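The values are calculated or read from the model by the stated rules, or taken from the named source; none is laboratory data. Everything numeric here is computed off the predicted structure, so don't read it as measured data. Cβ sites come from the backbone with ideal geometry, for glycine too, and all protein chains shown count toward neighbours.
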Amino acid sequence: MRRLLFSVSAALLGLGLGPGCATSPAPHAEARPLPASTPTATGRGGAAATVDVRATSAAIEVLRSGGNAVDAAVAAASVLGVTDPYSCGIGGGGFMLVYLARDKRVVTLDHRETAPAGLERSRLYENGAPLPFDEFVTSGLSVGVPGSLMGWSEALRRYGSRRLADVLQPAIHVAEQGFPVDATFAEQTRHNVERFRDFTSSAALFLGPDGQPWPVGSTFKNPGLARTYRLVSQGGVPVFYRGEIAQAIVSTVTRPPLVPGASRKVRPGVMRLADLERYEAIVRPPVTSTYRGHTLYGMGAPGSGGVTLALTLKPLDSYVPSALSHARFLHLYLEASRLAFADRNAFLGDPAFVSIPEAGLLSHDYAAQRGSAIHEARASTSAVAPGNPLPFQGAASTSTPPLPEVARPAAEETAPNKETTHITTSDAAGNIVAYTCTIEGEGGNGMVVPGYGFLLNNELTDFDLPASPDAPHPNAPAPGKRPRSSMSPLLVFKDGAPVLALGSPGGSTIITTVGQTLVNHLDFGMPIAQALAAPRVSQRNSTDNRSQAEPAFIASPEATELTAMGHGFTDVGPIGALTAIRFHPDGTVTAAAEPTRRGGGSAMVVEPVK
Ligand code: GLU
């Protein structure tokens, strides 16, 4: 195995870190032997499922030592910041759903990235047109004020039992000791090589001296991130939101660390220290809906997952799945999803900026009206219009939302294979966490904060940009606004008892991945491991009859039957990578992670049972 030395020069690092920051080729060492990565585990005493065995192990160690599900989720997230740095980390944000067993209540913690106060919408237009998408992604303008660390800190302070300094220890260990580069990590690096080469700090961390990704099997270490986590352990979140890391973030955003001579056009952003200082994680009530006698708790705005899942599932509730073939039920599901996305796109945005007719959207009568638009045997062949939920608002007053102008779709709309990750944990006391976190695209905005070892997000590309700079749109950018998200952590209960916790990456396919997995499990009776592995199809109000789908779905008998009903499919490769915990009536749980997509994940329980 080739060992990697982070013996990058100070010039490459782009700051005053001398060769002393380079690590010596210390032998790879784990605190204790890592268990083999398996995607399913059943047992008691607490559970965790993530995309990575080190993150899952860290969560399980925290649970074993008496920590709760929140402590475990934060430990896993901080490890994923090391081992899955192109998907998530302290340069990004997330949505955490927490079930507090003692209080029997669900809370959500919104720590979504936020547009800086200076980000007037006009800054994202040039000559009257939206910035070219790729140039927006790799720029200082796409960076929202990161929320992860504030989210972790608030989650621990409100609902955890451990200090941030303690739960960061496993991540510091992994960052210092390193981990073997696998095919997924190498591939994700390869996708980013061109832009990493253009930034001194990103090249120094993620590429070898030859400018190529570190090869599979080599040991990847991140001493910069270890240092950052140590700084936070000692100084708390103020180090990140007011202190030296805040300054380094602002400097990276406003003066991108371009390699001298690089020809890439990288627009600087407008983030200021004050934007970081005023950042808040927000506790919000969940969006509550029902399906098949279950209660669903999802993420509310600026998340679109809770409402869109409710809109998708409600019209299906009046059908008996066993009375229909899988394909006929899937037809109804795809049509309902199409209608749901029409409403999502028309009405949802940051609630601090947009008046959302949520009561109307979630009302039974509105669902019945929308459901009546579904043809039971024929696929829609074009995009459908949003409904009008205002008459269904009841006592909840909402002014008429302006009809949105057609916009360039947000990044989360376009491709299913982007990044993000989902963590699911539970503990012996019955607390549960479903936590989705992200830096938006694979590799975020491409810029590592020099010396601190983490990538910045490009979350502001999740805003929609209408063709004209002042057209109304619920998800148009504005100073201090949070872009709408598809992240859909979900908790499912029946008669007050937990049944399922789940979530996935995948841009706006997150919503359909979570929805299809629920349908597979609740309607088709698949065990959770089978439900999350099954081939996927995603309908998000496309302009024609086609849904995005995985090749295995397109090859399935269901697809043939659906094609006969007028559906078409676009092969988009793998969609999502879900993790879940299923709670059984006997008190055991099954933790389940994606078995193959994105290299497969890891599920563990504290006390396995056969
Ligand atoms: N930024 C996306 C969202 O918040 C998630 C990123 C992805 O999975 O592609 O919806």
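A few remarks follow.
- Scan of the stretch 156-200 for residues that are touching a residue at least 24 places away in the same chain (Cβ under 8 Å) and part of a loop (DSSP other than H, G, I, E, B), ordered by number: Gly160, Ser161, Arg162, Leu168, Gly178, Val181, Asp182, Asp198
- Flag if Glu154 is within 30 Å of Ala72 (Cβ to Cβ) and not hydroxyl-bearing (Ser, Thr, Tyr): yes
- Identity of the residue in the stretch 494-516, more than 16 Å from the ligand (Cβ to nearest atom) and part of a strand (DSSP E or B), that ends up nearest to Tyr435 (Cα to Cα): Ala501
- Of all the residues in the stretch 455-468, those that are assigned to a loop (DSSP other than H, G, I, E, B) and away from the ligand (no atom under 15 Å from the Cβ) number 2.
- Selected residue [free of Cβ contacts under 8 Å to residues at least 12 places away in the same chain and among the small types (Gly, Ala, Ser)] from Gly211, Gly235: Gly235
- For the stretch 318-334, taking the residues that are out of contact with any helix residue (DSSP H, G or I) (no Cβ under 8 Å at 6 or more places or on another chain) and part of a helix (DSSP H, G or I), the one that is nearest to the ligand (Cβ to nearest atom) is identified as Ser322.
- Residue in the stretch 257-271 that is buried (at least 23 other Cβ atoms within 10 Å of the Cβ), more than 22 Å from Glu154 (Cα to Cα), among the small types (Gly, Ala, Ser) and in contact (Cβ under 8 Å) with a residue 24 or more places away in the chain present: yes
Okay, residues lined up against (1) more than 10 Å from the ligand (Cβ to nearest atom); (2) modelled with pLDDT under 95; (3) outside any strand (DSSP E or B):
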site: Asn417; (1), (2), (3): no, yes, yes
site: Thr436; (1), (2), (3): no, no, no
site: Gly443; (1), (2), (3): yes, no, yes
site: Gly453; (1), (2), (3): yes, no, yes
site: Asp470; (1), (2), (3): yes, yes, yes
site: Ala478; (1), (2), (3): yes, no, yes
site: Ser488; (1), (2), (3): no, no, yes
site: Val492; (1), (2), (3): yes, no, no
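- Criterion violated by Asp462 - all others in (1) within 21 Å of Val572 (Cα to Cα); (2) surrounded by fewer than 24 Cβ atoms within 10 Å (Cβ to Cβ); (3) acidic (Asp, Glu) satisfied: (2)
- Some residue of the stretch 289-310 being more than 22 Å from the chain's Cα centre (by Cα), modelled with pLDDT of 95 or more and closer than 23 Å to Thr438 by Cβ: no
- Take the conditions (1) touching a residue at least 40 places away in the same chain (Cβ under 8 Å); (2) of a type outside the set (S, T, N, Q); (3) surrounded by fewer than 21 Cβ atoms within 10 Å (Cβ to Cβ); (4) touching a helix residue (DSSP H, G or I) at 6+ places or on another chain (Cβ under 7 Å); Asp571 misses just one of them, which is (1).
- Boolean, Ala281 is more than 30 Å from Thr200 (Cα to Cα), among the small types (Gly, Ala, Ser) and in contact (Cβ under 8 Å) with a residue 40 or more places away in the chain: yes
- Subset of the stretch 113-137 [assigned to a strand (DSSP E or B) and either away from the ligand (no atom under 14 Å from the Cβ) or at pLDDT below 95 (or both)]: Tyr125, Glu126, Ala129, Pro130
- Enumeration of residues in the stretch 87-107 that are assigned to a loop (DSSP other than H, G, I, E, B) and surrounded by fewer than 24 Cβ atoms within 10 Å (Cβ to Cβ): Ala101, Arg102, Asp103, Lys104
- Lone unmet requirement of (1) among the charged types (D, E, K, R); (2) under 25 Å from Arg284 (Cβ atoms); (3) not in a strand (DSSP E or B) for Asp110: (3)
- Set side by side, the residues Ala204, Ala186, Ala175 differ, and just one is closer than 25 Å to Asn445 by Cβ, of a type in the set (Gly, Ala, Ser), in contact with a strand residue (DSSP E or B) (Cβ under 9 Å, 6 or more places away or on another chain) and surrounded by 19 or more Cβ atoms within 10 Å (Cβ to Cβ), which is Ala204.
- Scanning the stretch 347-388 for residues that are more than 30 Å from Phe569 (Cα to Cα) and not in a helix (DSSP H, G or I) yields a count of 9.
- The stretch 581-597, subset surrounded by 11 or more Cβ atoms within 10 Å (Cβ to Cβ) and among the charged types (D, E, K, R), residue nearest to Ala428 (Cα to Cα): Arg582
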